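Data first, discussion second: the structure below is written as structure tokens.
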Ligand SMILES: [Zn+2]
Ligand SMILES: [Zn+2]
């Protein structure tokens, strides 16, 4: 099979996967947002533009995902260290509770590793102007809703998703079957939770805010208010924000406006994906103009 055919197959599979993973689990959150919204009810075009952007990101990421996997394979043969052997099978041997503990570990271990990487990648995306150009799309949603979770420019998605796959592939030796199961189980928790955290549902969970990122905690990260800038970077575990001094607990009833100001942000996949490059060029030209 040629590389072109392989890419096409992967892109089609990824598009199908995006539909199943992204559209169906959104339904209960969409219903809740319509029944108990934070402000004005999200409109259908808000959902549709985020889904279109998310689909284009999945397709554009495929070549980079394949490249990351191939590169990790190539580099492993030349590593000066032996990758750490990891197996979830030993946990399954624990009497009675073994299988349940194994599933729990397959959810928790990838989630912990993902969040540790994500925290710093995300924090850098706000601190480094070059990276911010690609991350600002995620923040540009003035009507943040459950579908905003997938509103990512593809360079940003590569930075936060595929780079950890490459580095983990160099550090950890886990057989493909177990890696696939762990990715599936952790995503079964992570994807709906991320939808929930981005949702515009008026819900307060003060007992949970310090344990897991909740809609109120993540809304502060998306807040348009300067006082909330550079807080709550973690994806799922506020532990890292608390550890590194960026945690901000929501106050009762605190649901600030979201977005970057100056309009609703890019609504089409084309502008969302390529607008950042135009902004980068314009910024560079301005800097070079005497
Ligand atoms: Zn951010
Ligand atoms: Zn977000």
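Where a number appears in this text, it was derived from the coordinates with a stated rule and is not lab data. As the structure is a computational prediction, the values presented were derived from the model and not from experiment. FYI the Cβ positions are ideal-geometry reconstructions off the backbone, even for glycines, and counts take in every protein chain you see.
Just a few scattered comments:
- Cα convex hull of the chain, projected area averaged across orientations, nm²: 18.9
- Note on segment 56-120: Cα Rg divided by 2.2 N^0.38 Å, N the number of residues, gives 1.52.
- Per-residue ellipticity at 222 nm from helix content only, as computed over the chain with -39500 (n - 2.57) for each DSSP H run of at least four residues, stands at -19500 deg cm²/dmol.
- Relative intensity, log₁₀ I(q)/I(0), of segment 15-155 from a Debye sum that treats every alpha carbon as a point, q = 0.12, 0.21 Å⁻¹: -0.76, -1.31
- Residue exposure sequence - 258, 214 - by fewest surrounding Cβ within 10 Å: 214, 258
- Relative contact order of the chain, defined on C-alpha pairs under 8 angstrom at six or more residues apart (%): 25
- For the chain, built as a Gaussian network whose Cα springs stay under 10 Å, the top-fluctuating residue of 91, 53, 201: 91
- Gyration tensor verdict on segment 124-187 (Cα atoms; rounded if a/c is under 1.5, prolate if a/b is larger than b/c, oblate otherwise): oblate
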